Amino acid sequence: MPGPYREQELANISEELNQLSIRRQQINDRRNVLGLLIEFRQNTGRNEQQYSQLNSEMQELDKELEVLSERKIQLLAEQERLRRTTRLIDTSVSSGVIFVETPPSFPAPQVILDVQLLPRNPAQTQCPFCRQFVTTEVTTTTGSVAYLVCLISIVFGCVAGCCLIPFCVDAFRDVVHKCPKCRSKIHTCKKL
């Protein structure tokens, strides 16, 4: 069996498994609704003929679920068989020579788990609030260093507006790391 045909067949099986899963979910939802309706009819003492119709529909849904479960088992077995033959063919073709790709020239990204160690630029970490691994968003806020430099520049005579420069320069500002998913503040890197 050629490789592309096998890959296409695996893709078809995966698609059919997805459709089976969706259909099973629909049937289970329908069964739940019917169960609630039967319980309601029993509690209110409604028409017995409608009650028997609901029970027969519930039995039909159970039979359809059994058929879908059997088909799922068949598809999973076929999928495993195709994957097993793919592995057998791939290993038997190799002639003892293993080709290894060269690693990338850049280092792997480092995930910083201790939020107190976050740098002043965006970094990968685990958000302590939503527990997702994210690359933080960074914003700057006016911190104590900007006020201190402004005060020092006023003391040295820069009163004509030059004392406001520290409020515009990011080097004097604090950095706030935020989670891009839950939008919560993770950590503030203070300049002092």
Single condition SER144 does not satisfy, out of (1) under 30 Å from LYS191 (Cβ atoms); (2) modelled with pLDDT under 75; (3) of a type in the set (Gly, Ala, Ser): (2)
Tell me whether segment 135-152 contains one or more residues that are farther than 30 Å from LEU113 by Cα and among the aromatic types (Phe, Trp, Tyr). yes
Report yes if PRO103 is at pLDDT 75 or above and exposed (fewer than 10 other Cβ atoms within 10 Å of the Cβ), otherwise no. no
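The values are calculated or read from the model by the stated rules, or taken from the named source; none is laboratory data. Keep in mind that what you see is a predicted model, and the values were worked out from it rather than measured. Cβ: placed from backbone, ideal geometry, glycine included. Neighbour counts: every protein chain shown.
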